[in-house]
Amino acid sequence: MQSHILSIILFTPLLGAIVLLFVPKEEKDVIRWIANIFAFGGFLISLPLVPMFWAQRFSPDQFKFLEGSANNWIPSIGAGYNLGIDGISFLLIMLTTLLGWISILSSWTAIDNRVKEYYVWFLVLQTGMLGVFMALDFFLFFVFWEAMLVPMYLLIGIWGGPRKLYAAIKFFLYTLLGSVLMLLGILFLYFHHHSVTGVFTFSIPELYKTAPQIPFHYAIWLFLAFFLGFAIKVPMFPFHTWLPDAHVEAPTAGSVILAGVLLKMGTYGFVRFSLPFFPQVITSNETLWGVTTRGWMIVLSVIAIIYGALVSLMQKDMKKLVAYSSVSHLGFCTLGIFALNPLGLSGSVLQQINHGISTGALFLIVGILYERRHTREIAEYGGISNVMPVYATITMIMFLSSMGLPLLNGFVGEFTILQGAFTANWKWAAWAAPGVILAAAYLLWLYQRVFFGTVTNPKNERLHDLTAREILTFVPLIVCAFWIGLYPKPFFQILESPVNQIVQTIQANNPNAPINAQAMPAPASDVTVTVDTQPKASN
């Protein structure tokens, strides 16, 4: 099983979608049970990957659990079915299988029309997301990248809110524009590799070897092409305008998977491709309007942190508030990435996981109220803790998680990112830190208006508290929030090797542009991992 575990995890949701095709559309409960069984089965099947990967966490191999080989799928163009993961993609895969199951479980009562098509497309989307994190061939990666686009477009466009078509088309056009530019960049890397080696291949490990050799005047344009593709997906400021519409109009499960996983495709792309492919661009001293490429990335990240938080404060719709908070939280992730040190990178990846857990829960929380009252207007509520005490308790835990309270997951990620940013340039951390305070402001203010006080709206007096199924959707998220907050050591150990390799790649290709942090030392045994950012005395 070990040699093919990635393929099994990858195609389990697709198998579920195929099975659903043979179920009559009138059998709605049967369809729901089959979809939930395959979604939960996909999560269970991914669990053996945890001890298997843990045993290899300090392995010097860059990618583990390799399947297939380069150029074995379409040899004439050099495309291959080639899968493999490192610590970064491992954590994102586990997040995807967990949130995929939770999203499908949360849809049980929320979706009542075209149920069969809904679950089929959701399972297809799950396979596309998993494939992006597993693919080690650029052709295969792009197939999965585009395979996510159509299901998400349909989930918003068919099962969304009143302005669903506008939101779906806007999401589709934005993402497609980024995909086309990224495809042009992929083709340039493909032909450049052939010009250097005489071999046509889309193999990502092979392209890692030749991409840093691209002349700077070409590399800057390639970086821009990939940047637009990934920045739209994150989304970074100012490419974020599709996100609030998509979130507000999407069904609850669509918002959960959009925020929890799809947005991570952009940050994953920066870490997996932009940094190792174009280190000379990232660390170049060439400027535009007096600002380097890395400087622009930091500026856009800080703007996203502050802007997203300020706009969240002004929202009257709960779902739109959570949507804009994603812009702010993902700004922290990109800040950590372009801090270009182990602290920033490891904190960024961990914060991506944290954001999926916390914000996924926030969208579930909003969706539960919407199912009962069919409105997301904050002014319609008040005193909800009096009639839904369990719901209010879970909401408070996830709000505290999202705002970065110590002992919960958000604190670990944000603190590590700010530490990495401070190590690189203290001014970056100083500008970003107010985002933490603003997050507490808009979340606590939202909680006060919705949950505290007396019930002023008669329509809220008979709201029933969470069902057992609804509680079940929150239990794994709460467990993960406390686990990461109380004992993040295993996560940093998993990230140690890939993060160090990225930093070393940038240093190796840019000897004249040193990075202000040392790599995390790889421990010989299972000991506590510490990150030493102070230069050590030489012998």
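None of the figures in this text is laboratory data; all of them are computed from the coordinates on show. Predicted model only: the values in this text are computed from it and were never measured. Here the Cβ is made from the backbone with ideal geometry for all residues, glycine too, and neighbour counts use every protein chain on show.
General remarks:
- Value of relative contact order over the chain, rounded to a whole percent, pairs C-alpha under 8 Å and six or more apart: 14 percent
- The charge dipole of segment 283-514, taken about the Cα centre with unit charges on the Cβ atoms of Lys, Arg (+1) and Asp, Glu (-1), comes to about 280 debye, rounded to the nearest 20.
- Dipole of segment 283-514 [Lys/Arg +1, Asp/Glu -1 at C-beta], most positive-end residue of Leu486, Ala440, Val291: Ala440
- Taking every alpha-carbon pair under 8 Å whose residues sit at least 6 apart, segment 71-136 reaches a relative contact order of 45 percent.
- Using a cut-off of 28 Å between Cα atoms, the listed pairs Lys116/Lys459; Lys209/Lys233; Lys170/Lys459 include Lys116/Lys459; Lys170/Lys459 as exceeding that distance.
- Placing unit charges on each Cβ (+1 for Lys and Arg, -1 for Asp and Glu) gives the chain a dipole about its Cα centre, and among Thr109, Met388, Ile158 the Cα reaching farthest toward its positive end belongs to Met388.
- Span-like helix ranges in the chain, DSSP H, alpha carbon extent 24 angstrom or more, Kyte mean at least -1.0: 28-46, 87-106, 115-134, 164-197, 216-233, 293-313, 318-338, 342-373, 434-451, 468-486, 489-509
- Among 87-97, 461-471, 237-247, the order from most to least packed when residues are scored by Cβ within 10 Å on average: 87-97, 237-247, 461-471
- Overall, the chain carries a charge dipole of about 680 debye about its Cα centre when +1 sits on the Cβ of Lys and Arg and -1 on the Cβ of Asp and Glu, all other atoms neutral.
- Cα-based Rg and Dmax for the chain, where Dmax is the largest Cα-Cα distance (Å): 22.5, 76
- Per-peptide packing, taken as the mean over residues of other Cβ atoms within 10 Å, places 329-337, 156-164, 125-133 in the sequence 329-337, 125-133, 156-164 from highest down.
- Net dipole in debye of segment 332-437 [+1 Lys, Arg Cβ; -1 Asp, Glu Cβ; about Cα centre; nearest 20]: 60 debye
- Residue ranges 271-281, 17-27, 288-298 sort as 271-281, 288-298, 17-27 when ordered by packing (mean number of other C-beta atoms within 10 Å per residue, highest first).
- Karplus 3J(HN,Hα) series, Hz, for segment 254-267 with 6.51 cos²θ - 1.76 cosθ + 1.60 (x for Gly, Pro): x, 5, 4, 6, 5, 6, x, 10, 4, 5, 6, 4, x, 5
- Take the Cα radius of gyration of segment 283-514 and divide it by 2.2 N^0.38 Å, N being the number of residues; the result is 1.13.
- Projecting the Cα atoms of Met398, Gly336, Asn354 onto the charge dipole of segment 283-514 (Cβ charges, centred on the Cα centre) puts Met398 farthest toward the positive pole.
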